[in-house]
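The values are calculated or read from the model by the stated rules, or taken from the named source; none is laboratory data. Please read all numbers here as calculations on a predicted model, not as lab measurements. We place every Cβ from the backbone using ideal geometry, glycine too, and count neighbours over all the protein chains shown. Areas reflect the complete protein model, heavy atoms only, side chains present, ligands, DNA and RNA absent. Shrake-Rupley method; radii C 1.70, N 1.55, O 1.52, S 1.80 Å.
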Amino acid sequence: MLNPREELVFLLRGFFATPLLTALGKKGILAKFIEGEVSPSNAFEGANTDFLEHSFVYLQSLGLLRRKDKISKYFEATDLGRKIFKRYGSFVLLYSYRDLIADVENLFFEQSKETPKCDRLDNVIGSGLTNGRKFFPAGIKALGDQDFSVIVDLACGNGEFLSRMHEVYPHATVVAADISQIAIDSSSNNLLSNCPRIDLRTVQSDALHIDRWMQLVLEEKSLKGDGPVIISMWYLIHEIARHQTQV
């Protein structure tokens, strides 16, 4: 059982670890640690190497990194570190609500205070990474041995689901739809950089405006032929419900 001091330290660590792991994960540095050794000088071009080294030392104190030896500038991930780094999307998702947490005192005690919004891009990235690990593999496996002509993802987020679908169905046209232009841009960048051969179409639209995104789907379907169309709604259901059955 933890003593009060250990419990206090345990709770305080999250305040520092969350933004740190978010930043290192988004820049691909955590992925480098999963693959091998990293030094502050080769972690990221143009980075502040002194601050990076302090950050690595902090992660070392958490048991996530260790120095190659006592005098080495190189660090490597521990077994725990590799497990955590593979799941850094959870930290990105949490960090997307940083503005709300930063102003929580005023939110408690000022009734007229406007509620801050989450960082949409970090929310999109974190959601994609987290759900990609938890749900996407099982969902794709459940589809069985089919040959889709068009794959549509409503509320596409950062395109993580479409990326995984493209791996299984490389010949299908992919349609990324989202109400957020940030999500559309994030999906396009991720899909085109990771899947250069992908046949990608995008549409910024509220999913409730069915005629808008369905028109694009029908156009692509007419070009692709007889294969079935699949429409996924991973992030949509909880977004549109609003506890209103008519929605």
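Summary table
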| quantity | calculated |
| --- | --- |
| Segment 35-143, relative contact order [Cα under 8 Å, separation at least 6], % | 21 |
| Inter-site label distance for ARG120 and ILE34 at 7 Å from Cα along Cβ, in nm | 2.8 |
| Packing-based order for 47-58, 14-25, 108-119, using average beta carbon neighbours within 10 Å, highest first | 14-25, 47-58, 108-119 |
| Extension gain, SER193 back to ALA23 (0.36 nm per residue minus Cα-Cα distance, nm) | 59.2 nm |
| Folded to 0 to 90 degrees: helix 181-194 orientation relative to the chain principal axis, Cα | 80 |
| Local electrostatic count at LYS224 - Lys and Arg +1, Asp and Glu -1, tallied over other residues with Cβ under 12 Å | -3 |
| Dimensionless Rg over Rh [segment 1-88; C-alpha; Kirkwood] | 0.98 |
| Sequence-separation-based contact order of the chain, relative, with Cα cut under 8 Å and 6+ spacing, percent | 14 |
| The chain - percent of accessible surface contributed by carbon and sulfur, probe 1.4 Å | 56 |
| Label of the coordinate-derived value, Rg and Dmax of the Cα atoms in Å, listed as [x] 20.0, 78; [y] 21.4, 66; [z] 16.5, 50 | [y] |
| Probe 1.4 Å, accessible area per residue of segment 1-152, Å² | 65 |
| Theoretical FRET efficiency, 1/(1+(r/R0)^6), r = Cβ-Cβ of GLU53 and LEU12, R0 22 Å, to 0.05 | 0.50 |
